[in-house]
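Okay, structure first, notes after.
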Amino acid sequence: MKKKIKIALLGFGTVGKGIYYSLKNHPKRISKTIGFEIEVVSIVVKHLEKHQDFEDNKLITTDFETVIQNPEIDIVLEAIVGKEPAFSYLSQSIKAGKHIITANKEMFAHHGEELLELSQKHDVNIGFEATTAGGIPVINTIGKLFQFNEIKKITAILNGTSNYILTQMRVQKLPFNIALKQAQELGYAEADPTNDIEGYDSFYKLMILGQLIYGKQPDWSSVNREGIVNITAKEIEDYNLEDKRIKHIASLELQDNTLTASVKPVVISSEHPLYSIEGVENAVVIEGDVVGQITLSGPGAGAFPTASAMLEDLCLILQSERSTTSSPILAKAIL
Ligand SMILES: NC(=O)c1ccc[n+]([C@@H]2O[C@H](COP(=O)([O-])OP(=O)(O)OC[C@H]3O[C@@H](n4cnc5c(N)ncnc54)[C@H](OP(=O)(O)O)[C@@H]3O)[C@@H](O)[C@H]2O)c1
């Protein structure tokens, strides 16, 4: 591979800007450690007019064809919302021989398997660390560092918005709708918060973990998905008096060859590893049959934590290009 790597960004919102400015703020970091210079050569958006004041607005386009038609673009980093056009854009990128990195959990939960198969066929890599638990390196930890262990169970807080709301309801004694409004004012919740508060966001992430760990997702219709909208401040307060907390927990377990999963509010006591995960933090408890229980925690969302996950994927792809043998992490990720 050549010394200068050209990349395209699909989406230039919270995450896309996080990637762009991380690269801009640390221009020599990748060339120093891995030996490749990185240049962003194209940024695909939906609304050109929103980006007129951007300092490098000559890079902005609404025409994805220009990415596909440009053989110099080696890697496509995608941070668009929703299944389409993200899936089509990434399929086309793979077919054009480009590596892809995505943060888009909804798209990847639906189409990850197809993209992984396609990437094998076209001999390119896929990074999807940012789809699950934002800045916490859970995908690569499981993919690379859990080769010998069998993972028996995952228990996790995968949505920072709902965890923030539950925390505020307990600490500030707020009703659900006021805590939600606060989350929206702080930019933690979308104007339409359905995906977060009804558990769809956690569900998608859990399905991606299922695919990674067990090579298959649980049957979606068998997953009990409950949101947090019916939890009252009084319930939270009553449990709090008993030193218990309600957490919105995603869990995945393999028992007798059957994969079971749920996303729902669970009452936990102070010994539980997720008890102290507060505010917008995420955490993933991994139970390996040899190692026992490990908890990874950290920022589950936000411009820079998510960009961090995507840029670490970028480094892994570049390392695998450099070493000619493919990276063990990404090889495992290609199921
Ligand atoms: N925000 C986080 O903390 C976070 C964390 C982990 C994963 N993610 C995932 O990352 C993705 C991006 O999230 P975000 O928060 O950055 O979203 P966002 O701020 O809403 O930005 C979305 C970007 O996608 C562009 N876009 C939308 N439809 C498009 C289309 N048809 N063609 C080209 N571009 C299109 C938008 O273009 P315009 O700017 O022109 O409207 C915008 O730049 C989502 O899949 C999300 O689930 C986000």
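Could you tell me whether region 64-76 includes any residue that is assigned to a loop (DSSP other than H, G, I, E, B), near the ligand (Cβ under 10 Å from one of its atoms) and of a type in the set (Phe, Trp, Tyr)? Can you show your working first?
Start the filter on region 64-76 by keeping residues that are assigned to a loop (DSSP other than H, G, I, E, B), which leaves 64, 69-72.
Now restrict to residues that are near the ligand (Cβ under 10 Å from one of its atoms): 64.
From the residues that got through so far, the ones that are of a type in the set (Phe, Trp, Tyr) too are 64.
Yes, region 64-76 has at least one match.
For GLY82, are the conditions met, namely being open to solvent by less than 30 Å² (accessible area, probe 1.4 Å) and small (Gly, Ala, Ser)?
Against the criterion (open to solvent by less than 30 Å² (accessible area, probe 1.4 Å) and small (Gly, Ala, Ser)), GLY82 qualifies.
Any idea which of LYS32, LYS46, LYS50 is assigned to a loop (DSSP other than H, G, I, E, B) and either open to solvent by less than 90 Å² (accessible area, probe 1.4 Å) or of a type in the set (Lys, Arg) (or both)? Full working, then the answer.
Numbers: LYS32 fails: assigned to a loop (DSSP other than H, G, I, E, B); LYS50 fails: assigned to a loop (DSSP other than H, G, I, E, B).
From the options LYS32, LYS46, LYS50, the qualifying one is LYS46.
Here is a yes/no grid of residues against (1) surrounded by 16 or more Cβ atoms within 10 Å (Cβ to Cβ); (2) part of a loop (DSSP other than H, G, I, E, B); (3) away from the ligand (no atom under 16 Å from the Cβ):
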site: MET107; (1), (2), (3): yes, no, no
site: HIS111; (1), (2), (3): yes, no, no
site: ASP123; (1), (2), (3): no, yes, yes
site: LYS144; (1), (2), (3): yes, no, yes
site: THR167; (1), (2), (3): yes, no, yes
site: GLN182; (1), (2), (3): yes, no, yes
site: ASP201; (1), (2), (3): yes, no, no
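How many residues does region 212-232 contain that are polar (S, T, N, Q), closer than 22 Å to GLY160 by Cα and either buried (at least 20 other Cβ atoms within 10 Å of the Cβ) or within 22 Å of the chain's Cα centre (by Cα) (or both)? Explain how you work it out, then say what you get.
If we filter region 212-232 for residues that are polar (S, T, N, Q), which is where we start, we get 217, 221-222, 224, 230, 232.
With closer than 22 Å to GLY160 by Cα added as a condition, the list becomes 224, 230, 232.
Still in the running and either buried (at least 20 other Cβ atoms within 10 Å of the Cβ) or within 22 Å of the chain's Cα centre (by Cα) (or both): 224.
Total meeting the criteria: 1.
Taking the stated definitions as given, is SER22 within 16 Å of the ligand (Cβ to nearest atom), open to solvent by less than 70 Å² (accessible area, probe 1.4 Å), over 20 Å from GLU312 (Cα atoms) and among the small types (Gly, Ala, Ser)? Give the derivation first.
Numbers: within 16 Å of the ligand (Cβ to nearest atom): yes; open to solvent by less than 70 Å² (accessible area, probe 1.4 Å): yes; over 20 Å from GLU312 (Cα atoms): no; among the small types (Gly, Ala, Ser): yes.
When the stated conditions are applied, SER22 does not pass them.
The values are calculated or read from the model by the stated rules, or taken from the named source; none is laboratory data. Keep in mind it's a predicted model, so treat the numbers as computed, not measured. Virtual Cβ from ideal backbone geometry, glycine too; neighbours counted across all protein chains shown. Accessible surface is based on the protein model in full, side chains and every heavy atom, while ligands, DNA and RNA are left aside. Shrake-Rupley method; radii C 1.70, N 1.55, O 1.52, S 1.80 Å.
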